[in-house]
Amino acid sequence: MALTAYCKKCGREVEAGEVCPRCGTRLGKTAAHAAWCVERTPVKDWMYWNSVMRILLPAALGILLIALVSEGISGGMGAVERMISSGFPAVVGILLAAVLAAVFLVLLLRGKELTDFVVDNRGIHETRYLPAPTKLKLVLRMKSPSLLRPEEGTDQVVRLGSRDLAWKDVARVQLWPEKCMILFYAPAGWLRIPVACTPFTWDDCMGLIRAKLGKKKKVRLPASLTAAAAPRNPAPAPAYAAPEEAAEQTMMDLDAAVPEEPVPDTPREADSGDWESLT
């Protein structure tokens, strides 16, 4: 279970609740948080590719657009048509493909990472670690090889960095249930932290997000995260009826439910046995 709370007196994580199950200290409503760790492979993770493409594609389109506008200003539409027919867009596409191939190689050589996620009363926190680091893996992540500690061997774990996002800065939340991903945007058009959940932590995260953002009108949320508003005019409770009145009402309902037999218009002929009994 991912939902826990930190007890200051015990100095450890305990089950979430109003009081600590070990020492009985009051924990408070804001002490509960969800914390978990996931293993990620950058070359297979779409979020890494998304962070690259958000920069690479606009840059390539910007270069192409600037070149076409410059030719149009200097030589008119004829110069723009000659540039397009000369294969300049194809050259830009080839350069883009070469850059993507280089990015694929870099992500492949980076190896696996460990990512700790924490969702608490303050916001969303992400911390990345590199297990079994090497100089090549650190250089490919633009980190100094001096972070290595040779005395610890290959069992060491290097902290790569962290990101934090406060609840007040969140502008939009998008869910990707198929991949157990929760995407936090700040502002609404920029992805800040993609949170990779697990099937065991999904419900806990959804509950915390709903409690912090469910009633904020300025935050764009999916319907599953919107807190349900209480009805303004609730239906009145049924009036209490005495036992005698309830029993009488029940009998009246039963009598009304029994159909009445129709009365014949002609008198019924008496049987022979009835006449003999009368004489």
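What follows is calculated from the coordinates using simple rules that are stated; it is not laboratory data. Everything numeric here is computed off the predicted structure, so don't read it as measured data. Because the Cβ atoms are built from the backbone with ideal geometry, glycine has one as well, and the counts that use them run over all protein chains shown.
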Full-extension gain between Leu65 and Trp46, please, as 0.36 nm times their residue separation minus the C-alpha to C-alpha distance. 4.1 nm
R0 of 22 Å, Cβ-Cβ distance Thr127-Thr198: FRET efficiency to nearest 0.05: 0.85
Under 18 Å from a point 7 Å along the Cα-to-Cβ line of Leu56: which residues of the range 70-97 have their amide N that close? 90-97
Full-stretch length increase - Arg82, Arg163 - with 0.36 nm per residue and alpha-carbon distance subtracted: 24.4 nm
Please give the length that would be gained between Leu147 and Ser74 if that part of the chain were fully extended, namely 0.36 nm times their separation in residues minus their C-alpha to C-alpha distance (nm, one decimal). 21.0 nm
Quick one: give the max-minus-min coordinate of the C-alpha atoms of the range 44-109 along each principal axis, largest first, in Å. 46, 18, 12
Can you sort Cys197, Cys23, Cys205 from fewest to most other Cβ atoms within 10 Å of each residue's own Cβ? Cys23, Cys205, Cys197
Give me the net charge for the shell around Val170: Cβ to Cβ below 9 angstrom, other residues only, Lys and Arg +1, Asp and Glu -1. +4
